[in-house]
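Worksheet for the structure shown next.
The values are calculated or read from the model by the stated rules, or taken from the named source; none is laboratory data. Just so you know, these numbers come straight off a predicted model, no measurement behind them. Note that we place each Cβ from the backbone using ideal geometry, even for glycine, and neighbour counts take in every protein chain shown.
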Amino acid sequence: MAGAPPAARAAKAATTTIPIVFTSGDDPVQVGLVSSLARPEANLTGIHIFFTGLESKKLGLLRQLLPQVSTIGALVNPSFPSSEIQTHDLQTAARALNENIQFMRAGSEAELESAFAKMKQLQIGALLTAADPFFNSVRDKIIALAAENRIPAIYEQRAFAVSGGLMSYGTDVTDAYRQAGVYTGRILKGEKVADLPVLQSTKFELVINLKTAKALGLDVPLPLQMTADEVIE
C-alpha cells in the first residue's frame, strides 16, 4: 500500500511483483505512476484523489460569492513537486474564466506572512489556496492570516472550513481512502492488479462557513448555500 506519488514511485522502483495500491492527488499518468488509467501496470493501481485539477471550479465559486472582486490571489508552495502543474492549471482556468490572478508563493511560515502582507498591499480581493501538504500542516496559521487581513479564501479540504476558513471545495477524502481499502481487499482475495483500473474521485464536497462569512461582512447568496454539502452556522 503506497501513499502520495513520491512514495508510490519509490515502491514501483523497488518491486515489479508485489501489488501496490496508491493514492495520488495528481494525475497518475502525468506523474509517471501508470501509463494508462484503464490499463495500469502489472503490479500498480490505485485512486486519483483530484487534489489538483479543481482550480476552475474553485475560481468559479469565488466569483459566485464575490462578483465585484477584480483580482484573485493564488497561494502556491514552490517547493511542492506538483507546483508547476498547479500553476499551469490555475493559469489555464483563469484565462478560460477571464480572471485576473496574482500568484503568491510560500514554502515556510515566514514566507506565508510575507505573502499575506503582499496580498494586503496589492488589495487582493479573494484567495485560492492550492493543495499542498505544508499548507495542510499550518492550516490554522493560514486561516488566521486570512482573517487578520480580511481576505475571503477557498481551500481544498473540508478541514479548513471546519477550522474557521470561509469555504472549501474538494474531494471527499474519506470516500477516496475507502475506495483504496476496497481495492486492497479485492487484491488480497486474489484479483489481479492489472484487472483493476485506476479509479478517479467521483464524490466532491462544498463546505461554507457562515460564521466566517459574517465576520468578513459577506452575505453568502442563498443559491450558493443551497448547493453546499455542508453549511456551518
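Here region 121-175 is the region considered, the condition is being exposed (fewer than 15 other Cβ atoms within 10 Å of the Cβ) and hydroxyl-bearing (S, T, Y), and the residue that is modelled with the highest pLDDT is S137. With respect to V207, determine if the residue is more than 19 Å from the chain's Cα centre (by Cα) and either surrounded by 14 or more Cβ atoms within 10 Å (Cβ to Cβ) or within 22 Å of T45 (Cα to Cα) (or both). So V207 fails the test. Just to be sure, is R95 surrounded by fewer than 17 Cβ atoms within 10 Å (Cβ to Cβ) and more than 21 Å from the chain's Cα centre (by Cα)? For R95, the condition - surrounded by fewer than 17 Cβ atoms within 10 Å (Cβ to Cβ) and more than 21 Å from the chain's Cα centre (by Cα) - is not met. Within region 25-41, being modelled with pLDDT under 85, on the phi < 0 side of the Ramachandran plot and under 23 Å from the mean Cα position of the chain (by Cα) holds for G25, D26, D27, Q30, V31. Among the residues of region 79-108, those identified as at pLDDT 95 or above and either part of a loop (DSSP other than H, G, I, E, B) or in contact with a Lys or Arg (Cβ under 7 Å, 6 or more places away or on another chain) (or both) are M104, A106, G107, S108. Looking only at region 42-65, residues that are more than 20 Å from the chain's Cα centre (by Cα), in a loop (DSSP other than H, G, I, E, B) and buried (at least 17 other Cβ atoms within 10 Å of the Cβ) come to 1 in all. Summed over region 98-120, residues that are crowded, with 18+ Cβ neighbours inside 10 Å and more than 20 Å from the chain's Cα centre (by Cα) total 1.
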